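Here is the structure we will look at, set down as structure tokens.
Coordinate-derived values only; no laboratory data. Just so we're clear, the structure is a prediction, and the values are computed from it rather than from any experiment. Here the Cβ positions follow ideal geometry from the backbone for every residue, glycine too, while neighbour counts run over all protein chains shown.
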Amino acid sequence: MAVADPECGISNGADSASPFSDIIELNVGGQVYVTRHTTLIAVPDSLLWNMFSKKTPTELARDSKGRFFLDRDGFLFRYILDYLRDLNLVLPDYFPEKSRLQREAEFFKIRELFKLLCPKMSKDNSITDEICQSDSEEPSAPPLLGPDASRTLSVASGAHSPYLESKKSGYITVGYRGSYTIGRDIQTDAKFRRVARITVCGKTSLAKEVFGDTLNESRDPDRPPERYTSRYYLKYNFLEQAFDKLSEFGFHMVACSSAGTCAYSSSDPNEDKIWTSYTEYVFCRE
């Protein structure tokens, strides 16, 4: 039977030569992961390999519950861990954070994963026009082209631009719920509460294109791009900021609606009234 070992991890089923247990619990930027010790050391000379094979548990940072702590992006670490499990990269069909994941691969010193994330090697998921070259590649000089050939090449390259390909028509609905209190003296006693959450509804690919990493998709990160969703919300609470982003990507407002209710804060009718409203704004890009 495995014996709990708080100094090493969850269970003491690993090779007796290693000071770490077979099961390791991690806290990465506030996200908790549980994995095997062999997974963390799957890539020799990587940062995790050095941490969990060259060091002892007492040398590594821990959180208040004894989990090994890494101050990195907790959401993106799931893809780092997936790659370590079978050394194969699998991303959702639409993945706008590839450049950030590439930065994480560089930080963790996982060289092969870093190269797989280069736009040149994975054009379907590319989010930038930059070309990433491996060490063995040398930049080649551009061929000499006449005016007609140069114009043709420019049109052809523009046809494969990720921005032009992703600029599809469609609708995005932005909604928010707010509340405020109005006292007996309306002019002085209006107390507004800030917007708690801004929701985003529409096609997944459009929502990710516009809001990028400001879109909180922790509840539904792998939803196909052509599916519709109402599970997303924004990481900030400024409605004008959402409007600016939509305008930047060519959307304009076509409709809005609002509904409100009123209630007393207590059973005493002399107490202040609490007004609650829900408002939706519909944006369109043709």
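Points worth noting:
- Förster radius 51 Å - calculated FRET efficiency between E112 and M253 (Cβ-Cβ, nearest 0.05): 0.65
- Each peptide in 57-63, 274-280, 110-116 gets a packing score, the mean of other Cβ atoms within 10 Å over its residues, and the list from highest to lowest is 110-116, 274-280, 57-63.
- Semi-axes of the equivalent ellipsoid for the range 26-89, Cα gyration tensor, largest first, Å: 18, 15, 9
- Entries of K55/K109; K98/K208; K55/K98 with Cα pairs more than 19 Å apart: K55/K98
- Charge tally in the Cβ shell below 11 Å around C201, where Lys, Arg are +1 and Asp, Glu are -1, C201 excluded: +1
- FRET efficiency estimate (nearest 0.05) - Cβ-Cβ, N237 to R85, R0 51 angstrom: 0.90
- Summary of packing: across the peptides 35-45, 245-255, the per-residue average of other C-beta atoms within 10 Å ranks them, highest first, as 35-45, 245-255.
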